[in-house]
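A.B. asks: What follows is a structure written as structure tokens; I'll ask about it next.
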2 protein chains.
Amino acid sequence: MSLVNPDLLKERSGVSFPNEELTLFIFGGPEETKKKRWLISLLDVNKNPVLKNEDKHFIPRDKYYIRSLEKMKKLFQIKKQHDIDGEDWNFLLLSTGEPMLPILHDVLFIPTLEGQMSHEQLEKWIPLAKDYAIFGCYAQTELGHGSNVRRLETTATYIHETDEFEIHSPTLTSTKWWPGGLARTSTHAVIFARLIIDGKDYGVHSFVVQLRGENHKPLPGIDVGDIGPKFGFNNIDNGFLRFTHVRIPRDQMCMKFSKVSRDGKYSTPSHAKVVYGTLVTARIYLVERSSFALAKALCIAIRYSLVRKQGNDTTNNHNESIVLDYQFLQYRLFNSLSIVYTLLFVGKWMKDLNEINEKKISEGDVSLMADIHSISSGLKALCTDLVMESLNDIILACGGHGYLRSSGIPSIVDDYAQSPIVEGDNTILQLQTGRYLIKAFENAKNGRPTPATLFYLKDYSRILSERSSATTWEELTDPNEQIKALTHYHTRILAKLISNLEESSKNHPQGYEGAKSDYMIDIINVSRAYCYTITITSANEGLESIKTTYSNIYPILRVLINLFFSNYIIKYSGEFLLDNYFNSNHIKIFELGIKNCLKTIRPDAIGLVDSWEFSDNMLNSALGRYDGNVYEALYNWAKLDPSNLAQEKGEYIGYNEVLKDIYSKEYLKGINRSKL
Amino acid sequence: MSLVNPDLLKERSGVSFPNEELTLFIFGGPEETKKKRWLISLLDVNKNPVLKNEDKHFIPRDKYYIRSLEKMKKLFQIKKQHDIDGEDWNFLLLSTGEPMLPILHDVLFIPTLEGQMSHEQLEKWIPLAKDYAIFGCYAQTELGHGSNVRRLETTATYIHETDEFEIHSPTLTSTKWWPGGLARTSTHAVIFARLIIDGKDYGVHSFVVQLRGENHKPLPGIDVGDIGPKFGFNNIDNGFLRFTHVRIPRDQMCMKFSKVSRDGKYSTPSHAKVVYGTLVTARIYLVERSSFALAKALCIAIRYSLVRKQGNDTTNNHNESIVLDYQFLQYRLFNSLSIVYTLLFVGKWMKDLNEINEKKISEGDVSLMADIHSISSGLKALCTDLVMESLNDIILACGGHGYLRSSGIPSIVDDYAQSPIVEGDNTILQLQTGRYLIKAFENAKNGRPTPATLFYLKDYSRILSERSSATTWEELTDPNEQIKALTHYHTRILAKLISNLEESSKNHPQGYEGAKSDYMIDIINVSRAYCYTITITSANEGLESIKTTYSNIYPILRVLINLFFSNYIIKYSGEFLLDNYFNSNHIKIFELGIKNCLKTIRPDAIGLVDSWEFSDNMLNSALGRYDGNVYEALYNWAKLDPSNLAQEKGEYIGYNEVLKDIYSKEYLKGINRSKL
Ligand SMILES: Cc1cc2nc3c(=O)[nH]c(=O)nc-3n(C[C@H](O)[C@H](O)[C@H](O)COP(=O)(O)OP(=O)(O)OC[C@H]3O[C@@H](n4cnc5c(N)ncnc54)[C@H](O)[C@@H]3O)c2cc1C
Ligand SMILES: Cc1cc2nc3c(=O)[nH]c(=O)nc-3n(C[C@H](O)[C@H](O)[C@H](O)COP(=O)(O)OP(=O)(O)OC[C@H]3O[C@@H](n4cnc5c(N)ncnc54)[C@H](O)[C@@H]3O)c2cc1C
């Protein structure tokens, strides 16, 4: 066991709050904390060396995949031994520090079956799936179609004679493309295909198809494989899948809602949309988890920035500065820290709202459905965008060493980079949220009811007339003032958008719908501004609600939320100055306030990342180690590189193959200068 | 040869200008174009299959390195055969589509020797180096010190007895760390070490050290190896290097300026700083090349967005839209396109200025030196930041397929991600530029002379009092108005900074210098604003100067520069509204103008990327192919994945190793639920 770096020790002793309290808050209370700590302890690499992530950057992709399967096997054992399920299981997977295949089976495949299969079907399939006797993937996207699900091309044609569906990929572009776990792992897939009966196309429905048989061999008519290496996420086998007239029994169409009878009769209930319901859950999951990836990267960056000393030695009594003492680095990293904690509140809020909705639905009340759908879309986009931007900044903020895989940051970045795309492309999600806002505002304008979460739109004229009367930092960052400012802003640009749309649609050949296509930028701005409002609102309300229960961490979290808010105002200052909601004096107060926040956060920085209790194996980072001994770690890690191991045996990779030839210049002997 | 996708064919026929004219401009005139086309033709993969990049994502790192050496060997043959050198050689290397090792030798190692060695030394070393009989790297950075070069720890102690230097790494943190080409390729290094004579430390100097001897074996006392995999740049062998009392002859200290005589006497000329001069050249190179990486990524993204059809089929006569017809995607990609062309002008300007400077220096006139230093620092930071932000956006703008390595975009992103860090961390560079601006302004304020490029600061009070009187888009985007707006802005915040510094320094224990540390954010903002001014100025002046010679492309380039400018104003609108330089009406005009620019650019988009004449091998992208047959390419490429090749032979990677066990559930038999 190495000793902890003395600089880090000192930092840890200077934190203004007890870490324990912050951990309790992050993990969700004493019970949850106890459980989560226990779950993390199950992953101890001393007991389970197979869970070590250390060499992942040195091994080729196929080996990396196999290594992940071995981890998965170990996790299944742990799961069975300790009867872990549901959210605990997800947390366990997350805590391995790597993308884990079971997520695809447990968070996409099973919930899709649960959402779309009839009772009898569930009785057959769920036990198999829960037992991992079969392994499934979610196969919706095709080479030619991702976002526009209505245009999927795979067909499922009902064959009266045999009471089967024939699954077929009529074109190259109909090849299923992307499903995670499809390429090598899955035995089954839930696929989305056009239902065809007697030549009539009933649109996209879901079916369960077995992909592989004995010894894992693909079944006849099934062309399945890996789509190749990706930016990140390379231990996951995203695959392609092509069907050549593959038959499945009729009862493998998911028939909770739409049904096909033995005589080929199609029936469907009135409420559609439900087919893609899994994605809403997946989006909510992305919102909930958005702070997590960022917290990991920041834990690395902040620990490193507290042991890295560089520069300033001419003015600083000939001692070099701890780099986190530089204002600009604080500015970069603490802004990200403010995002982490703000999103933590949003995630909790989203989760609660979803639970309320689910309870309502179980009571037959669908009044929150549309809200949940739109809010989760817009928030998924906002949260993943914010995290992605921050991650891209963090990798650069660590200087050269952050660029090394052994820093742990590159894989956080490239694994996460899919999040703005999957479970709905962020642009498209924001357009959906924007449309919902447009409709809500039109309703408000015409005195019709608005969705519950947008109740305030009925007061839009009052909101538009408001200006800030605050004159101090305290007043400006008062929770109500924060919410008021953002509500004003999104309402203003929403109102402006509506009047622009009304005006333009008069001359647009495709009317109102057509006009919208000229205002896509504005629609997305509106969605963003609205989701920022939700974010600021839920963070402030969430924080105020814990003021007494978590009184020791309240002050620093208040600073972080204020910082998030102030950065927002400064970033969009033009929008607030435009109609004099704020004036130049307000802006000055915000700018100064931001600098003061940085100063306040500085001594607490280490506590704010330590409290997440990430294990060293999970961070898998030479720079982010708990003990802060970064240089030893970088050096020892490098020594494991295959080329260094080879060199120890006297093999110089590249030398015999090529370099020898180059340095001897033999290979140039025959070559003479040609005339131009 | 596959047929060109008809959508692309149609797009190509609708471009408003002849591509040829734009290519001439990009390549720098008819002569240069002819030469560059010839250089590109030398890389034809049909003639030189070893130059193919196709499988680079499927092979492990060691193989990737060897493959690059094979390419290097082929390039050396081509170089010799056609007597290619200087910029042509750099262009050839760049056109391979991959990071190429010789860059490190030719752009860092040789110029360092040239800049720092005496005549006699050059006579010995340069022929060897030019011939690649030795291969060198630039070894400055250490584990513990990158930006703060003054604190490097490696020592070079003069040994009177033997007339040698003893090179030693006294600590772990003194290990050289990062030099490209060091780990496996280099035979020699130019290293930076503290010169110690008779116990006295003379600071950091440069020395040439041989690293490897016969059969490439590291020489005694030299511990050299690879620092391990990185975010990108993985065919390059960045290395570590530790010395244990290694002796080199005295004449391997670079002695152009500072000298050590046989009797251990040290002498040095008055002007210091020169030691790190190579980095200025390298920065200028990064500025010049910044548009290139972005153009590559955009070429892929725009071609793909013109063949990808997705959505909008309900309003669009049941045809799906070409995704580049969506306003928001135009907004994202054309903003990047405006950056490409703006930076192309900046690069040309920077290059010209550098040539003027070099000419002056050769005539003994160093008056431009400080300008070049500061401008190249700030511009390097601005350009690489802009490109990095754009690249991060482009990878997300392509939907799911952009996330695949076969899209070609991920490697552009992760190879480029080092640019904001290397040759000077962007933060630190901007602080340098900021300091130079502070000094210049103080001079102006006190009636002392300002640097040539900042001549206008003497009129600062007039500049500060200016407001825009423009009332139309044409007036607002008039070249002079663009320059005026940015000059006003950076002068205003510079003046504000100075007055803040003066005020704060009164109470700051470390005075003015200390006060600066509380204004780092502001100093960096000033540097950015100033470099934007240079950017806008050089782009507008550059463009106006080709108005008649390149009259067919002038109109679209004008739109692109206007778009760049307008986006800037909108992004920083708060700053311009704050002192009423612009008013809300101006902002409205800019917002509308941006949308109009997008419309104008849309039909020319394909021409604006095609004209760069990137070869398919260079882009190495299934999405960016010239023929637009993206789906075939994605599919065929995936088929090459090793796991798919194995499967064709009946081997299912992961199955026998692990999955079999999992699906049989044998491995769970012994495991029983434990009690909590
Ligand atoms: C790592 C990863 C894992 C995945 N896992 C799965 C999985 O398990 N199962 C599965 O079925 N799929 C999976 N996918 C696929 C994923 O769901 C799709 O890639 C995603 O929905 C985006 O769709 P697309 O690729 O068709 O993008 P496109 O729709 O083609 O988007 C291309 C561009 O066009 C724009 N655009 C498209 N339509 C519109 C519109 N109407 N208005 C405005 N702009 C528009 C987009 O914003 C984007 O910029 C995965 C993808 C990735 C990257
Ligand atoms: C791909 C790659 C290739 C490289 N190739 C070479 C090579 O060939 N030869 C070679 O010698 N080196 C090489 N390097 C090293 C590179 O030059 C350094 O990594 C770079 O200069 C940054 O220095 P650093 O890592 O010490 O960052 P640090 O200085 O440690 O920076 C860490 C953080 O602190 C901040 N910071 C540091 N000092 C200050 C200050 N005074 N004021 C405000 N903020 C500060 C930085 O902005 C950054 O956010 C390479 C690096 C990479 C990534």
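Every number in this text was worked out from the coordinates using simple rules, so none of it is lab data. The structure presented is a predicted model; accordingly, all values stated were derived computationally and were not measured. Neighbour counts are summed over all protein chains in view; Cβ atoms, including those assigned to glycine, are modelled from backbone coordinates with ideal geometry.
A.B. asks: With a 10 Å Cβ neighbour count serving as the proxy for reagent exposure, in which order, fewest first, do B:285, A:663, A:530 appear?
C.D. replies: Arranged by neighbour count, lowest to highest, B:285, A:663, A:530 become A:663, B:285, A:530.
A.B. asks: Per residue of A:625-638, what is the mean number of Cβ atoms on other protein chains within 10 angstrom of that residue's Cβ? Show your work: numbers first, answer last.
C.D. replies: Working: counts 0, 0, 0, 0, 0, 3, 8, 3, 0, 7, 9, 0, 2, 12.
That average works out to 3.
A.B. asks: Suppose R0 equals 25 Å. What FRET efficiency, 1/(1 + (r/R0)^6) with r the Cβ-Cβ distance, do residue B:467 and residue B:541 give to the nearest 0.05?
C.D. replies: For R0 = 25 Å, the calculated efficiency reads 0.60.
A.B. asks: Could you check the spin-label model distance between residue A:480 and residue A:502? Points 7 Å from the Cα along Cα→Cβ, value in nm.
C.D. replies: Rounded to a tenth, the inter-label distance reads 3.1 nm.
A.B. asks: Moving to a separate point now. Among the listed pairs A:74/B:669; A:63/B:649; B:36/B:74; A:74/A:380; A:259/A:360, which have their C-alpha atoms separated by more than 20 angstrom in this model? If you can, show how the numbers build up before the last one.
C.D. replies: Details: A:74/B:669 13 Å; A:63/B:649 18 Å; B:36/B:74 18 Å; A:74/A:380 32 Å; A:259/A:360 26 Å.
Beyond 20 Å: A:74/A:380; A:259/A:360.
A.B. asks: Return the sequence-ordered ³J(HN,Hα) values of the range A:222-229 in whole Hz as given by the Karplus equation 6.51 cos²θ - 1.76 cosθ + 1.60 applied to θ = phi - 60°, using x for Gly and Pro.
C.D. replies: 10, 9, 10, x, 8, 7, x, x
A.B. asks: At what distance in angstrom do the alpha carbon centres of the range A:408-472 and the range B:506-562 lie from each other?
C.D. replies: 34 Å
A.B. asks: Treat each spin label as a single point 7 Å out from the Cα along the C-beta direction, and report the residue A:87 to residue A:599 distance in nm.
C.D. replies: Each label point lies 7 Å from its Cα, and together they span 4.0 nm.
A.B. asks: Right, something else. Need the list of aspartates and glutamates near residue B:47 for cross-linking: C-alpha distance under 16 angstrom, and skip anything on the same chain fewer than eight residues off.
C.D. replies: By straight Cα distance, residue B:47 reaches B:70, B:616.
A.B. asks: Counting pairs of alpha carbon atoms under 8 Å apart in space and at least six apart in sequence, what relative contact order in percent does the range A:133-275 give? Present the calculation step by step, with values, prior to reporting the outcome.
C.D. replies: On the way: 328 pairs, mean separation 37.2, N = 143.
Averaging sequence separation for qualifying contacts and normalising by length gives 26 percent for the range A:133-275.
A.B. asks: Which aspartates and glutamates have a Cα less than 13 Å from the Cα of residue A:588, not counting those fewer than 8 places away in the same chain?
C.D. replies: Straight-distance partners of residue A:588: B:522, B:575, B:579.
A.B. asks: With the label 7 angstrom out along Cα to Cβ, how close does residue A:544 come to the same site in each of the other copies, in nm, nearest first?
C.D. replies: Here the equivalent label points are 5.5 nm apart from this one.
A.B. asks: Also, quick follow-up: Cross-link list A:309/B:230; B:71/B:130; B:547/B:571; B:34/B:599; A:73/B:56; B:80/B:217: which exceed 25 angstrom alpha carbon to alpha carbon?
C.D. replies: Among A:309/B:230; B:71/B:130; B:547/B:571; B:34/B:599; A:73/B:56; B:80/B:217, the Cα-Cα distance tops 25 Å for B:547/B:571; B:34/B:599; A:73/B:56; B:80/B:217.
A.B. asks: Can you compute the FRET efficiency between residue B:314 and residue B:571 using 1/(1 + (r/R0)^6), with r the Cβ-Cβ distance and R0 = 45 Å? Round to the nearest 0.05.
C.D. replies: FRET efficiency, residue B:314 to residue B:571: 0.85.
A.B. asks: Hey, another quick one. Give me the percent relative contact order of chain B, please, defined on Cα pairs under 8 angstrom at least 6 residues apart.
C.D. replies: 16 percent
A.B. asks: Looking at B:658, B:357, A:5, which one has the Cα that reaches farthest to the positive end of the dipole of the protein assembly as shown (charges on Cβ: Lys, Arg +1; Asp, Glu -1)?
C.D. replies: B:658
A.B. asks: Let me ask something else. If R₀ is 60 angstrom, what is the calculated FRET efficiency for the pair residue A:651 and residue A:370, using the beta carbon separation as r and rounding to 0.05?
C.D. replies: For residue A:651 and residue A:370, the calculated efficiency is 0.40.
A.B. asks: Okay, moving on. Order these peptides, B:228-240, B:493-505, B:121-133, by their mean beta-carbon neighbour count within 10 angstrom, highest first.
C.D. replies: B:228-240, B:493-505, B:121-133
A.B. asks: Same structure again: Which of the lysines could be linked to residue B:265 by a straight reach, that is with a Cα gap under 16 Å, when you skip same-chain ones fewer than 8 residues away?
C.D. replies: Excluding near neighbours in sequence, the set is B:200, B:256.
A.B. asks: Could you give me the ³J(HN,Hα) list for the range A:138-143, computed from phi with Karplus coefficients 6.51, -1.76, 1.60 and θ = phi - 60°, whole Hz, x at Gly and Pro?
C.D. replies: For the range A:138-143, the Karplus curve yields 9, 10, 10, 4, 10, 3 Hz.
A.B. asks: One decimal, nm, shortest first: give the distances between the label point of residue B:262 and those of the same position in the other copies, each label point 7 Å from Cα along Cα→Cβ.
C.D. replies: 11.1
A.B. asks: Can you order the peptides A:44-51, B:307-314, A:325-332 by their average number of other Cβ atoms within 10 Å per residue, highest first?
C.D. replies: Highest to lowest by the protection proxy: A:325-332, B:307-314, A:44-51.
A.B. asks: Same structure, new question: To check you understand DSSP bridge types, tell me what percent of the beta bridges within chain B (both residues inside) are antiparallel, rounded to 5.
C.D. replies: Numbers: 31 of 38 bridges.
Counting DSSP beta bridges with both partners in chain B, the antiparallel share is about 80 percent.
A.B. asks: Suppose you put the label 7 Å out from Cα in the Cβ direction; list, shortest first and in nm with one decimal, how far residue B:636 is from each other copy's label.
C.D. replies: Here residue B:636 shows inter-copy label distances of 4.9 nm.
A.B. asks: Given the peptides A:211-217, B:139-145, arrange them by the average over their residues of other C-beta atoms within 10 Å, most packed first.
C.D. replies: Output ranking for A:211-217, B:139-145: B:139-145, A:211-217.
A.B. asks: Next question. Charges only on Cβ, +1 for Lys and Arg, -1 for Asp and Glu: so what's the dipole of the protein assembly as shown about the Cα centre, in debye to the nearest 20?
C.D. replies: So the magnitude is around 440 debye.
A.B. asks: Okay, moving on. Considering every residue in A:392-403, what mean count of other chain Cβ atoms within 10 Å of its Cβ is obtained?
C.D. replies: Partner Cβ neighbours, averaged per residue: 6.
A.B. asks: So what is the 222 nm mean residue ellipticity for chain A from helices alone, if each DSSP H run of at least 4 adds -39500 (n - 2.57) and you divide by all residues, rounding to the nearest 500 deg cm²/dmol?
C.D. replies: Details: 25 runs with 348 residues, N = 676.
Per the formula, -16500 deg cm²/dmol.
A.B. asks: Only Cα pairs under 8 Å and at least 6 apart count here; give the relative contact order of the range B:20-122 as a rounded whole percent.
C.D. replies: 23 percent
A.B. asks: Provide a whole-number value for the mean count of partner chain Cβ atoms within 10 Å of the Cβ atoms in peptide B:355-364.
C.D. replies: For this peptide, the per-residue mean of nearby foreign Cβ atoms is 0.
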